[in-house]
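As structure tokens, the structure follows; a few thoughts come after it.
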Amino acid sequence: MTRPLAVVTGAASGIGLALSTELSKRDVDVIAIDKDPCPFASMPGITAAQFDIRDTSAMQALAETYAGRPLDYLFANAGIAAPGSVFGASDDDWQRAWAVNTMGPLNTLRCWWPHLKAAGGTAVVTASAAALLTYPGAPLYRASKAALLSMLESLYYETQGSGVSLHVLCPGMVRSNIIANAKKEDAAMQSDRLTTMLEHAMRAAEPAEHFARRVLDGLDSAPFYWLTHDKTVGAMEKRHHALVIEGRPPVTFEDMP
């Protein structure tokens with residue numbers, strides 16, 4: 001009997017690594033994709049593919065090698081923190097955030113959608129609670145994740161009746177290397193107030209392994225808007241109240257969840 005098949009991007013660390021590992025434990029074959037080497041040499045059932053998700057040709061070529069193999073699960077999880085300010089970030093900085101956080105998941109979905117349709121599979125795309133929140137800082141990250149969310153809302157309507165179940169994962173803080181990786185690329189983040197707050201929160205954040213188990217356990221009953229951390233919901237409600245009633249962004253650093 002053929003085992004279920006899953007694709008996970010951003011699989012070398014954090015949520016992607018935890019999802020890949022947990023899927024393997026649940027007897028699912030995993031194609032683990034990341035631009036960095038994936039630490040799966042000794043794990044049965046996991047096939048690592050090393051390339052950048054911005055490389056559409058590489059993604060398409062990989063998908064074609066699995067032609068005829070239905071895809072049960074797609075976790076389009078890869079993303080970057082994308083440091084910089086609105087005016088301070090260069091055009092290249094903005095383009096990179098867009099290419100990785102918005103176009104990367106779109107290209108992943110395009111390449112694997114026929115495989116998902118063949119299985120009546122499930123696609124889970126990691127956006128962020130940040131796509132639904134207002135707070136000072138992280139404009140490249142929040143803008144690219146908000147664009148991703150809007151795109152997925154349109155895709156939700158366009159793919160009704162396809163047999164594929166589509167979900168947008170909007171987690172709060174989950175322990176990962178996303179802040180540390182961003183700091184390596186932007187020295188200005190070392191003294192950034194938001195970065196300091198996020199680093200502190202990251203130390204107390206939910207472990208990625210626990211989060212991955214929660215996601216997989218809840219997959220069969222997951223909504224489209226998958227808000228996984230209750231603490232962020234109040235901040236979302238506050239933002240939407242401000243949008244409709246107050247007419248200005250409501251959040252200061254002190255209000256952040």
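Being among the aliphatic types (A, V, I, L, M), buried (at least 19 other Cβ atoms within 10 Å of the Cβ) and either within 18 Å of residue 16 (Cβ to Cβ) or at pLDDT 95 or above (or both) holds for only one residue in 127, 119, and it is 127. When you scan segment 47-97, how many residues do you find that are more than 24 Å from residue 212 (Cβ to Cβ) and either among the polar types (S, T, N, Q) or surrounded by fewer than 18 Cβ atoms within 10 Å (Cβ to Cβ) (or both)? The number of residues fulfilling the criteria is 21. Residue count for segment 235-249 satisfying the condition of being surrounded by fewer than 16 Cβ atoms within 10 Å (Cβ to Cβ) and either in contact with a Lys or Arg (Cβ under 9 Å, 6 or more places away or on another chain) or closer than 28 Å to residue 165 by Cβ (or both): 4. Within segment 47-70, the set of residues being part of a loop (DSSP other than H, G, I, E, B), free of Cβ contacts under 8 Å to residues at least 60 places away in the same chain and touching a helix residue (DSSP H, G or I) at 6+ places or on another chain (Cβ under 6 Å) comprises 51, 53, 54. Scoring residue 114 on the criteria (1) part of a helix (DSSP H, G or I); (2) open to solvent by less than 20 Å² (accessible area, probe 1.4 Å) leaves a single failure, condition (2).
In segment 160-172, the count of residues that are in a helix (DSSP H, G or I), open to solvent by 10 Å² or more (accessible area, probe 1.4 Å), within 24 Å of residue 219 (Cβ to Cβ) and in contact with a strand residue (DSSP E or B) (Cβ under 9 Å, 6 or more places away or on another chain) is zero. Taking the criterion of being hydroxyl-bearing (Ser, Thr, Tyr) and over 18 Å from residue 7 (Cβ atoms), would at least one residue in segment 92-108 satisfy it? Within segment 92-108, one or more residues are hydroxyl-bearing (Ser, Thr, Tyr) and over 18 Å from residue 7 (Cβ atoms). Being surrounded by 24 or more Cβ atoms within 10 Å (Cβ to Cβ) and not hydrophobic (A, V, I, L, M, F, W, C), is that true of even one residue in segment 12-29? Yes, segment 12-29 contains at least one residue that is surrounded by 24 or more Cβ atoms within 10 Å (Cβ to Cβ) and not hydrophobic (A, V, I, L, M, F, W, C).
Residues 235, 205, 188, 180: which one is at pLDDT below 70 and within 21 Å of residue 126 (Cα to Cα)? Quick ask: steps written out before the conclusion?
Working: 235 fails: at pLDDT below 70; 205 fails: at pLDDT below 70; 188 fails: within 21 Å of residue 126 (Cα to Cα).
Result: 180 is the single residue among 235, 205, 188, 180 that is at pLDDT below 70 and within 21 Å of residue 126 (Cα to Cα).
Restrict the check to segment 71-80 and report whether at least one residue is in contact with a Ser or Thr (Cβ under 8 Å, 6 or more places away or on another chain), closer than 22 Å to residue 19 by Cβ, touching a residue at least 24 places away in the same chain (Cβ under 8 Å) and of a type in the set (D, E, K, R). Yes, segment 71-80 has at least one match. When the residues of segment 30-46 are filtered to those that are part of a loop (DSSP other than H, G, I, E, B) and among the charged types (D, E, K, R), the one that is surrounded by the fewest Cβ atoms within 10 Å (Cβ to Cβ) is 36.
Considering only segment 84-91, I want to know if a residue exists there that is in contact with an Asp or Glu (Cβ under 6 Å, 6 or more places away or on another chain) and over 19 Å from residue 229 (Cα atoms).
Taking segment 84-91 and keeping what is in contact with an Asp or Glu (Cβ under 6 Å, 6 or more places away or on another chain), we get 84.
Among the residues that remain, those that are also over 19 Å from residue 229 (Cα atoms) are: 84.
Looking through segment 84-91, at least one residue is in contact with an Asp or Glu (Cβ under 6 Å, 6 or more places away or on another chain) and over 19 Å from residue 229 (Cα atoms).
Of all residues in segment 131-159, those that are small (Gly, Ala, Ser), free of Cβ contacts under 8 Å to residues at least 24 places away in the same chain and either farther than 26 Å from residue 88 by Cβ or open to solvent by 40 Å² or more (accessible area, probe 1.4 Å) (or both) total 2.
The values are calculated or read from the model by the stated rules, or taken from the named source; none is laboratory data. Not measured: the values here are computed from a predicted model. Don't worry about glycine lacking a Cβ; one is built from the backbone with ideal geometry, like all the others, and counts go over all protein chains shown. We work out accessible area using only protein heavy atoms, side chains counted, and drop any ligands, DNA or RNA first. Shrake-Rupley method; radii C 1.70, N 1.55, O 1.52, S 1.80 Å.
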